[in-house]
Amino acid sequence: MTRTADRVLVGIVVAVVLLGGVIAWVASRRTPEVFAPGTPEAVVQEFLGAALDRDDEKVLAMLSDESCTLEDLARAWVPESARIVLVDSTVRESSATVRIEVTEAGDLLGGGWSHEEVVGLTRDGATWLVRPSSWPYYDCGGW
Amino acid sequence: MIGVVLGILVTAAPVVLLVLLVRRLTRPHAGAVDGRSVRRFFQYALLYGLLLVVAIGVTGLLVRLVESPPTVFGDDTDLARSLTFTVVGMPMLAGVVLWTRVLHRRDPAERDAPGWAVYLTVAGLTALVMAMADLHGVVSPAVTGRWAPDAGVAFLVWGGIWAVHAALLGRTVPAGLARGHLAVGSLIGLVTLLVGLASVLADAGRVLVVERAAPAFVSAADGGPVALAVVGALVWVWYWLLHYRAGPPDLLWLTYVLPVGVGASLVTAVVGSSLALYAVLVWVLGDPGYGAWPRHFAGTPAAVGAAVVGLASWWYHRQVLRASAPATRNDVVRLHDYLMAGISLVAAAAGLAVLVVAAIEALLPAAVVQRGASVANSLLAATTLLVVGGPLWWMFWRRIRRETARAVASEIASPVRRTYLLVLFGVGAVAAVVTVLVASYMAIRGALEGGVDARTWYEMRVPLGILVATAAVSGYHWRVYREDRAAAPRVGAERHGPRYVLLIGAPDDGVVAAVRKATRGDVRLWVRTDDPAPPWVTDEVVAAVSIDTHPALAVIGGADGIQSIPIQRP
């Protein structure tokens, strides 16, 4: 067959291999953004990491409302895989809100379901605590 | 489940019968069809409906006799329905059966009418599905040592109805009209058998590997998968091995073996192996997210089961096809090669699309938190699809290239090749239009909401991935198509033969086009109406016509091959 078609095919294969190599290199070097310790963004990042890892004791220690128990947290539905990006944040005197976009994904064809959530925080002295009404626990302890 | 199946069948059967009736009435020379077709439609619809009514009624009464413990508290509604269906329905059914027998004795043409074959096919397949469900209800508890007499009684009723209809199909219907029943029965048996075998393998993998590390807290295992495999095997052996396999390879037979037996099996194998390989790659190299390995690999046994069963079925049907195909390359062999190439190309193209998705994700800022949804996972998904689909596509495409180099004329003149290329362009065009619209909508919405930022690009990654993959596939095949067209005139110039060719046999626009291209003469096709003619073997016809020196030629396609007769035009 066909020299031109062969050249197109070789071009596609070379492009695929190169693209795959570049992506692997980029993926191996990138790390999540690091926020200044103690800021609402850093607290939310740590809180959501603990939530996705099912580290309920750490989550409980970061909540502002003591009515939420370990059983409540265990009952909550938390996705097994998710990609969360920061949309924006608003910091006030004694409270803060951090807006995030969650993409629950992980299937073979790269699909996913995205939804925007708001994580509320209250100041407790020098530290920020997460309101239990935030995703993914919503109304934890309020039932 | 039985109710759903029954509902679908009862709803679909009159529609199918009506469509067949309308087609028959609107055919050319429909004037010869009198009111008998309308009468037959209502006669067989009535027969079918009454058969179901009586079967349901008798089953309901018999189940009451054998069920243990017996019904103490009366469910009067069920009992009333069963009694009505039996006591009132049975005499009505007997009346319609007698009427049908009288008509068949009086006029043998009644038996040859399509209405009778359609009735027997639909009623036989309805009884088959019901009997399979009931047999499953018997075998499934029997595997774990329990006995279900109610399902056994229902199986006897529906199994008896199936046996009567299968015997009537064999004895009273012309062989050509009875083959639809065998084809659909073979398909039902094959799908049930494969699903059962895949489920058995999945259960075995889960019990032997996954649950050894994480034993089930509560397990309610039954013999469902084994029963499914047993029931499917019985049906498949009867329909396919004993009756349909040896049949002439007509269009229906090839439709069963090629797209279903070979094509669907390969799709199952590709999907199953891709899912299993992806799970392994993500566990070893990627970001598996929350949970230990038994949780991560919970779905893998089912994927492996599907891959194994799909591969076995693919191999088997390829052997069947190879045994029935002629030694020379014809359109059936080509259809197989292009179908395989197309299926594996879809997997490889999906891999390319996911690779572009991963590239866009890699260019965007990293997520603040991510578990099990990283760029590495997207890259591994792309790798999986490319590794599974790419070599498979190349294997079949290389064979096609080899055949094209060996016999360029017949290959590029084949309607299968042109259809393959044009379908790729058609699908590519639709995908391009849809993805451009979706990506544009996302971009415009993002611009209106404050600018095209990382979130917008993240949303657009999938349509853009599909667009790039479509462009690559279409670009390569467009070059192939252009080169085919460039070679075509040279091929045509080498050909000669009669100036007028009359083909008599099965309807086939492709063979007309191929003969016209070969002879550059006037080519007509008349359809045989005596027996269903086998499909034309295009290469054979082109070869026979090309070497003939008569000015006008008739080519008759029959069960014994083709016959060429010189003719003189009036």
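Remarks
- For B:R245, nonlocal amide neighbours, meaning residues 5 or more places apart or on other chains whose placed amide H falls under 5 Å from its own, do not occur.
- About the Cα centre, charge dipole magnitude for chain B (Lys/Arg +1, Asp/Glu -1 at Cβ), debye: 1400
- Sequence-distant residues sharing a close amide H with A:V87 (under 5 Å, placed H): A:R99, A:I100, A:E101
- Residues whose placed amide H lies under 5 Å from that of B:V369, excluding near-sequence neighbours: A:I84
- When B:V309, A:V10 are sorted by how many other C-beta atoms sit within 10 angstrom of their C-beta, beginning with the fewest, the order is A:V10, B:V309.
- A:V44 sits among other residues whose Cβ lies under 13 Å from its own Cβ, and their net charge, with Lys and Arg +1 and Asp and Glu -1, is -4.
- Shape of chain B, Cα gyration tensor, a/c cut at 1.5: oblate
- Shown in residue order for region A:20-31 are the 3J(HN,Hα) couplings computed by the Karplus curve 6.51 cos²θ - 1.76 cosθ + 1.60 at θ = phi - 60°: x, x, 5, 4, 4, 5, 5, 5, 6, 9, 8, 10 Hz (x for Gly and Pro).
- DSSP bridge pairs, the protein assembly as shown: antiparallel proportion in percent, nearest 5: 75
- Per-residue Cβ neighbour counts within 10 Å put A:L129, A:L121, B:L464, B:L208 in the sequence B:L208, A:L129, B:L464, A:L121, beginning with the fewest.
- Sorted by Cβ density within 10 Å, fewest first, the residues B:H296, B:H104: B:H104, B:H296
- Nearest-20 debye value, region A:34-130 charge dipole, Cβ charges on Lys, Arg, Asp, Glu: 240
- Three-way shape call for the protein assembly as shown based on the alpha-carbon gyration tensor, with the a/c threshold at 1.5: oblate
- Selection from A:A51, A:S95, A:L63 lying farthest towards where the dipole of region A:34-130 points positive, charges on Cβ: A:S95
- The 3J(HN,Hα) values that the Karplus relation (6.51, -1.76, 1.60; θ = phi - 60°) gives for region A:76-89 are, in residue order, 5, 8, 10, x, 6, 9, 7, 10, 10, 10, 7, 8, 6, 9 Hz. Gly and Pro appear as x.
- Classified by the C-alpha gyration tensor, region A:1-132 has a prolate form. Its axis ratio a/c, with a ≥ b ≥ c, is 1.5 or above, and a/b is larger than b/c.
- Rounded to the nearest 20, the Cβ-based charge dipole of the protein assembly as shown about its Cα centre (Lys and Arg +1, Asp and Glu -1) stands at 3700 debye.
- Counted charge near B:A306, where neighbours are those whose Cβ lies closer than 15 Å (Asp, Glu -1; Lys, Arg +1): 0
- Applied to region B:141-157, the Karplus parametrisation 6.51 cos²θ - 1.76 cosθ + 1.60 on θ = phi - 60° returns per-residue 3J(HN,Hα) values of x, 4, 4, 9, x, 10, 10, 10, x, 5, 5, x, 5, 4, 5, 4, 5 Hz, with x for Gly and Pro.
Values in this text are rule-based calculations from the coordinates and carry no lab data. On a predicted model such as this, the values are computed, not experimentally measured, just so you know. Reconstructed Cβ throughout: ideal geometry from the backbone, glycine too, with neighbour counts over all protein chains shown.
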